[in-house]
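Student: Starting off with a structure, shown below.
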Amino acid sequence: MRRNRIAVLALQGAFIEHEQMLQGLGVETFEVRQLSDWEQPKDGLVIPGGESTTQFRLLNDLALLHPIRQAILEGLPVFGTCAGLILLAKQEDGHPRQGLCTMDIDVCRNAYGRQLGSFNAIGEVADIANDFPMTFIRAPYIHRTLSPEVEILSEADGHIVAVRQGHQLATAFHPELTADNRLHRYFVERMK
């Protein structure tokens, strides 16, 4: 039986940490840096944290934006963290945004401020844990959901910080920067 194989967008950001987390679960990963990488067989996609504007520009420049968006719309499981959440969102501060735009959410980018606004918390993530370590780095949060299809998985300080919509999972925090693999395990199990 073939192992799960997950593409990790490796244009910028914390992609290596996601790869290590997934490989620790026995999942094969490969990095996506150009269109030929993307064309490999895959069971899912991880979009890491980093700088969403830079990632969007590179996705466009490398002709990756439309094929990735189409694959997600056709059902490819995707897990976006921080900048990945922003790229998946359809709106930012109530306005349509540029990006992959596959999740019915409205985000506030850099909601907690710049680097000095970074912090750690312990919170509940529905169906996963009631004691999940959350690392927020210049993090966004979700103002509101735009569809009843979006399930809120977690809130911190009254803001939505984790959601699921069908085969899409997104967090405002960085689970890959902790030793806790439960969110990655949850994503892999939901792909099956």
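The values are calculated or read from the model by the stated rules, or taken from the named source; none is laboratory data. Every value quoted in this text rests on a predicted model; they were computed, and no experiment measured them. Here Cβ is always computed from backbone atoms with ideal geometry, including for glycine, and neighbour counts include all displayed protein chains.
Student: Please go through the range 85-102 and give me each residue that is under 15 Å from the mean Cα position of the chain (by Cα) and either in a helix (DSSP H, G or I) or surrounded by fewer than 20 Cβ atoms within 10 Å (Cβ to Cβ) (or both), ordered by number.
Tutor: Of everything in the range 85-102, those that are under 15 Å from the mean Cα position of the chain (by Cα) and either in a helix (DSSP H, G or I) or surrounded by fewer than 20 Cβ atoms within 10 Å (Cβ to Cβ) (or both) turn out to be LEU85, ILE86, LEU87, LEU88, LYS90, CYS101.
Student: Could you check how many residues of the range 108-145 are at pLDDT below 90, buried (at least 18 other Cβ atoms within 10 Å of the Cβ) and more than 21 Å from HIS18 (Cβ to Cβ)?
Tutor: Residues flagged as at pLDDT below 90, buried (at least 18 other Cβ atoms within 10 Å of the Cβ) and more than 21 Å from HIS18 (Cβ to Cβ) within the range 108-145 amount to 2.
Student: Taking the range 27-62, which residues are part of a loop (DSSP other than H, G, I, E, B), under 15 Å from the mean Cα position of the chain (by Cα) and closer than 17 Å to LEU169 by Cβ?
Tutor: Scanning the range 27-62 gives PRO48, GLY49.
Student: Right, here's the next one. Restricting the search to the range 68-84, which residues are in contact (Cβ under 8 Å) with a residue 12 or more places away in the chain and either surrounded by fewer than 13 Cβ atoms within 10 Å (Cβ to Cβ) or in a loop (DSSP other than H, G, I, E, B) (or both)? Lay out the reasoning, then the answer.
Tutor: In the first step, residues of the range 68-84 are kept if they are in contact (Cβ under 8 Å) with a residue 12 or more places away in the chain; the result is 68-69, 71-73, 75-84.
Scanning the range 68-84 gives LEU73, GLY75, LEU76, PRO77, CYS82.
Student: I would also like to ask the following. I'd like the full set of residues that are acidic (Asp, Glu), out of contact with any Lys or Arg (no Cβ under 6 Å at 6 or more places or on another chain) and more than 23 Å from ASN120 (Cβ to Cβ), limited to the range 143-171. Reasoning before the result, please.
Tutor: Looking only at the range 143-171, we keep the residues that are acidic (Asp, Glu), and these are 149, 151, 155, 157.
Cutting the leftovers down to out of contact with any Lys or Arg (no Cβ under 6 Å at 6 or more places or on another chain) gives us 149, 155, 157.
Selection gives GLU149 alone.
Student: Tell me which of these SER52 doesn't satisfy, since it passes every other one: (1) within 22 Å of VAL32 (Cβ to Cβ); (2) free of Cβ contacts under 8 Å to residues at least 40 places away in the same chain.
Tutor: Failing condition for SER52: (2).
Student: Right, next: From the list LEU169, LEU183, LEU153, which one is in contact with a helix residue (DSSP H, G or I) (Cβ under 6 Å, 6 or more places away or on another chain), at pLDDT 95 or above and closer than 20 Å to THR102 by Cα?
Tutor: After applying the criteria, what remains is LEU169.
Student: Yes or no: LEU22 outside any helix (DSSP H, G or I) and within 27 Å of ASP104 (Cβ to Cβ)?
Tutor: Values: outside any helix (DSSP H, G or I): no; within 27 Å of ASP104 (Cβ to Cβ): yes.
So LEU22 does not fit the description; no.
Student: Here are the criteria: (1) touching a strand residue (DSSP E or B) at 6+ places or on another chain (Cβ under 6 Å); (2) surrounded by fewer than 24 Cβ atoms within 10 Å (Cβ to Cβ). Tell me which single one ILE105 does not satisfy.
Tutor: That leaves (2) as the condition not met.
Student: If you go through the range 27-45, how many residues are in contact (Cβ under 8 Å) with a residue 60 or more places away in the chain and closer than 19 Å to CYS101 by Cα?
Tutor: Within the range 27-45, the first condition is being in contact (Cβ under 8 Å) with a residue 60 or more places away in the chain, and the residues that meet it are 27, 43-44.
Going one step further and asking which of them are closer than 19 Å to CYS101 by Cα, we end up with 44.
Within the range 27-45, residues that are in contact (Cβ under 8 Å) with a residue 60 or more places away in the chain and closer than 19 Å to CYS101 by Cα number 1.
Student: Please pick out the residue among PHE30, PHE56 that is touching a Gly at 6+ places or on another chain (Cβ under 7 Å) and surrounded by fewer than 22 Cβ atoms within 10 Å (Cβ to Cβ). Even if it seems obvious, please write down each step before you answer.
Tutor: Working: PHE30 fails: touching a Gly at 6+ places or on another chain (Cβ under 7 Å).
Within the list PHE30, PHE56, the selection yields PHE56.
Student: Here's something else I'd like to know. With (1) modelled with pLDDT of 95 or more; (2) at positive phi as the list, and ILE160 as the residue in question, which single condition is left unmet?
Tutor: (2)
Student: Name every residue in the range 146-156 that is surrounded by fewer than 17 Cβ atoms within 10 Å (Cβ to Cβ) and among the small types (Gly, Ala, Ser), in order of residue number.
Tutor: If the condition is that a residue be surrounded by fewer than 17 Cβ atoms within 10 Å (Cβ to Cβ) and among the small types (Gly, Ala, Ser), then SER147 is the only one that fits.
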